[in-house]
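Beneath this line is the structure, given in C-alpha coordinates, with notes to follow.
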Amino acid sequence: MRDWILLFHTMAVIVWLGGSIYVEALMAAAGRSGDESGFLGMFRKVGVANRRLFNIAGIATIVFGFWLVFIVPGWEFETVWVTVGILVAVVAVIIDLFYSTPRVDRVEQLVQDPEEPNDAVPGLVSQVLMAGHVRTGLLFIGVVFMVFKF
(Lines give C-alpha, C1' and ligand atoms only; values in the text may rest on other atoms or scores of the structure.)
Protein backbone atom coordinates (compact mmCIF):
# COMPACT_ATOMS: atom_id res chain seq x y z
CA MET A 1 0.00 0.00 0.00
CA ARG A 2 2.83 2.38 0.91
CA ASP A 3 4.42 2.02 -2.52
CA TRP A 4 1.16 2.87 -4.32
CA ILE A 5 0.57 5.95 -2.21
CA LEU A 6 4.17 7.05 -2.75
CA LEU A 7 3.72 6.51 -6.50
CA PHE A 8 0.56 8.65 -6.60
CA HIS A 9 2.21 11.33 -4.44
CA THR A 10 5.26 11.41 -6.72
CA MET A 11 3.13 11.49 -9.88
CA ALA A 12 1.08 14.40 -8.52
CA VAL A 13 4.27 16.32 -7.74
CA ILE A 14 5.65 15.57 -11.21
CA VAL A 15 2.49 16.87 -12.87
CA TRP A 16 2.41 19.94 -10.64
CA LEU A 17 6.08 20.97 -10.84
CA GLY A 18 6.65 19.73 -14.39
CA GLY A 19 3.50 21.48 -15.58
CA SER A 20 4.54 24.65 -13.81
CA ILE A 21 7.94 24.65 -15.49
CA TYR A 22 6.34 23.94 -18.86
CA VAL A 23 3.86 26.80 -18.39
CA GLU A 24 6.73 29.12 -17.46
CA ALA A 25 8.46 28.19 -20.72
CA LEU A 26 5.28 28.63 -22.79
CA MET A 27 4.54 32.04 -21.33
CA ALA A 28 8.15 33.18 -21.77
CA ALA A 29 8.10 32.16 -25.43
CA ALA A 30 4.70 33.80 -25.98
CA GLY A 31 5.93 36.99 -24.30
CA ARG A 32 9.04 37.17 -26.50
CA SER A 33 7.02 36.76 -29.69
CA GLY A 34 5.72 40.33 -29.46
CA ASP A 35 2.21 39.24 -30.45
CA GLU A 36 -0.11 40.63 -27.76
CA SER A 37 -3.18 38.70 -28.87
CA GLY A 38 -1.16 35.47 -29.09
CA PHE A 39 0.25 36.11 -25.64
CA LEU A 40 -3.23 36.72 -24.20
CA GLY A 41 -4.56 33.61 -25.96
CA MET A 42 -1.78 31.52 -24.45
CA PHE A 43 -2.46 33.05 -21.05
CA ARG A 44 -6.13 32.09 -21.28
CA LYS A 45 -5.27 28.50 -22.23
CA VAL A 46 -2.79 28.27 -19.38
CA GLY A 47 -5.44 29.60 -17.00
CA VAL A 48 -7.77 26.76 -17.94
CA ALA A 49 -4.98 24.22 -17.40
CA ASN A 50 -4.14 25.81 -14.06
CA ARG A 51 -7.70 25.50 -12.85
CA ARG A 52 -8.21 21.95 -14.08
CA LEU A 53 -4.85 20.34 -13.60
CA PHE A 54 -2.60 22.18 -11.18
CA ASN A 55 -5.18 22.72 -8.46
CA ILE A 56 -6.05 19.00 -8.51
CA ALA A 57 -2.38 17.95 -8.61
CA GLY A 58 -1.59 20.27 -5.68
CA ILE A 59 -4.39 18.95 -3.53
CA ALA A 60 -3.49 15.35 -4.43
CA THR A 61 0.13 16.04 -3.50
CA ILE A 62 -0.90 17.26 -0.06
CA VAL A 63 -3.41 14.45 0.58
CA PHE A 64 -1.00 11.68 -0.43
CA GLY A 65 1.83 13.38 1.48
CA PHE A 66 -0.18 13.45 4.70
CA TRP A 67 -1.21 9.85 4.11
CA LEU A 68 2.44 8.82 3.77
CA VAL A 69 3.41 10.56 7.01
CA PHE A 70 0.66 8.65 8.81
CA ILE A 71 1.64 5.19 7.50
CA VAL A 72 5.45 5.25 7.05
CA PRO A 73 7.45 4.62 10.21
CA GLY A 74 10.04 7.32 10.86
CA TRP A 75 8.27 9.98 8.81
CA GLU A 76 7.11 12.54 11.34
CA PHE A 77 5.55 15.97 11.01
CA GLU A 78 8.39 17.36 13.13
CA THR A 79 11.00 16.32 10.56
CA VAL A 80 12.30 19.37 8.70
CA TRP A 81 11.85 18.01 5.18
CA VAL A 82 8.25 16.93 5.92
CA THR A 83 7.40 20.30 7.48
CA VAL A 84 8.96 22.26 4.61
CA GLY A 85 7.23 20.05 2.05
CA ILE A 86 3.84 20.55 3.66
CA LEU A 87 4.31 24.30 4.06
CA VAL A 88 5.42 24.97 0.49
CA ALA A 89 2.69 22.73 -0.94
CA VAL A 90 -0.03 24.41 1.11
CA VAL A 91 1.23 27.91 0.27
CA ALA A 92 1.43 26.98 -3.43
CA VAL A 93 -2.15 25.65 -3.41
CA ILE A 94 -3.36 28.78 -1.62
CA ILE A 95 -1.60 30.95 -4.22
CA ASP A 96 -3.28 29.00 -7.02
CA LEU A 97 -6.76 28.79 -5.53
CA PHE A 98 -7.13 32.18 -3.91
CA TYR A 99 -4.78 34.47 -5.82
CA SER A 100 -4.22 33.24 -9.38
CA THR A 101 -7.57 31.62 -10.18
CA PRO A 102 -9.72 34.70 -9.35
CA ARG A 103 -7.42 36.91 -11.43
CA VAL A 104 -7.52 34.50 -14.37
CA ASP A 105 -11.33 34.48 -14.11
CA ARG A 106 -11.36 38.29 -14.08
CA VAL A 107 -9.18 38.44 -17.20
CA GLU A 108 -11.57 36.02 -18.89
CA GLN A 109 -14.52 38.27 -17.99
CA LEU A 110 -12.78 41.39 -19.23
CA VAL A 111 -11.76 39.79 -22.52
CA GLN A 112 -15.18 38.30 -23.25
CA ASP A 113 -17.23 41.40 -22.40
CA PRO A 114 -16.73 44.01 -25.15
CA GLU A 115 -18.22 46.78 -22.99
CA GLU A 116 -15.68 46.31 -20.18
CA PRO A 117 -12.50 48.37 -20.43
CA ASN A 118 -9.45 46.16 -20.91
CA ASP A 119 -7.06 48.52 -19.12
CA ALA A 120 -6.77 46.15 -16.15
CA VAL A 121 -5.85 43.07 -18.21
CA PRO A 122 -2.05 43.63 -18.46
CA GLY A 123 -1.79 44.24 -14.71
CA LEU A 124 -3.82 41.14 -13.86
CA VAL A 125 -1.79 39.02 -16.28
CA SER A 126 1.43 40.31 -14.71
CA GLN A 127 0.16 39.45 -11.22
CA VAL A 128 -0.77 35.91 -12.26
CA LEU A 129 2.59 35.37 -13.96
CA MET A 130 4.46 36.56 -10.86
CA ALA A 131 2.37 34.22 -8.70
CA GLY A 132 3.29 31.41 -11.09
CA HIS A 133 6.98 32.21 -10.67
CA VAL A 134 6.57 32.08 -6.89
CA ARG A 135 4.64 28.80 -7.07
CA THR A 136 7.27 27.17 -9.28
CA GLY A 137 10.07 28.33 -6.98
CA LEU A 138 8.28 27.05 -3.90
CA LEU A 139 7.63 23.68 -5.51
CA PHE A 140 11.26 23.39 -6.54
CA ILE A 141 12.36 24.09 -2.96
CA GLY A 142 9.89 21.51 -1.67
CA VAL A 143 11.14 18.87 -4.09
CA VAL A 144 14.76 19.54 -3.12
CA PHE A 145 13.90 19.09 0.56
CA MET A 146 11.94 15.91 -0.18
CA VAL A 147 14.62 14.33 -2.37
CA PHE A 148 17.57 15.08 -0.10
CA LYS A 149 15.57 14.79 3.16
CA PHE A 150 17.23 17.71 4.93
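The values are calculated or read from the model by the stated rules, or taken from the named source; none is laboratory data. Everything quoted here is computed from the prediction, not taken from an experiment. So basically every Cβ, Gly included, is an ideal-geometry build from the backbone, and we count neighbours across all protein chains shown. In case anyone asks, the SASA skips ligands and DNA or RNA and just uses the protein heavy atoms, side chains included. Shrake-Rupley method; radii C 1.70, N 1.55, O 1.52, S 1.80 Å.
Quick look at the numbers
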| item | result |
| --- | --- |
| For region 60-133, Kirkwood radius (reciprocal of mean inverse C-alpha pair distance, Å) | 14.6 Å |
| Distance from region 67-93 to region 23-42 (C-alpha centre basis), Å | 35 Å |
| Between 0 and 90°, nearest 10: helix 36-49 axis offset from the chain longest Cα axis | 30 degrees |
| Per-bin percent of Cα-Cα distances, the chain [10 Å] | 11, 39, 28, 15, 7, 1 |
| Most to least accessible of F77, F140 (protein chains only, probe 1.4 Å) | F140, F77 |
| Cα gyration tensor shape of region 11-96, rounded if a/c is under 1.5, else prolate or oblate by comparing a/b with b/c | prolate |
| Nearest-10 value in Å² for the accessible area of D113, using the 1.4 Å probe | 60 Å² |
| Residue-count net charge about V121 - beta-carbon cut-off 12 Å; Lys, Arg +1, Asp, Glu -1 | -2 |
| Residue-normalised accessible area of the chain, given per residue in Å² at a 1.4 Å probe | 58 Å² |
| Acute angle (nearest 10 degrees) that the helix 2-32 long axis makes with the longest principal axis of the chain, alpha-carbon atoms | 30 degrees |
| Linear extension gain, S126 paired with Q109, 0.36 nm per residue minus alpha-carbon span | 4.5 nm |
| Solvent-accessible area, 1.4 Å probe, carbon plus sulfur percent, for region 36-150 | 70 percent |
| 222 nm mean residue ellipticity, helices alone, for the chain (DSSP H n ≥ 4; -39,500 (n - 2.57); rounded to 500) | -26500 deg cm²/dmol |
| In degrees, nearest ten, helix 121-148 long axis to first principal axis of the chain (Cα) | 20 degrees |
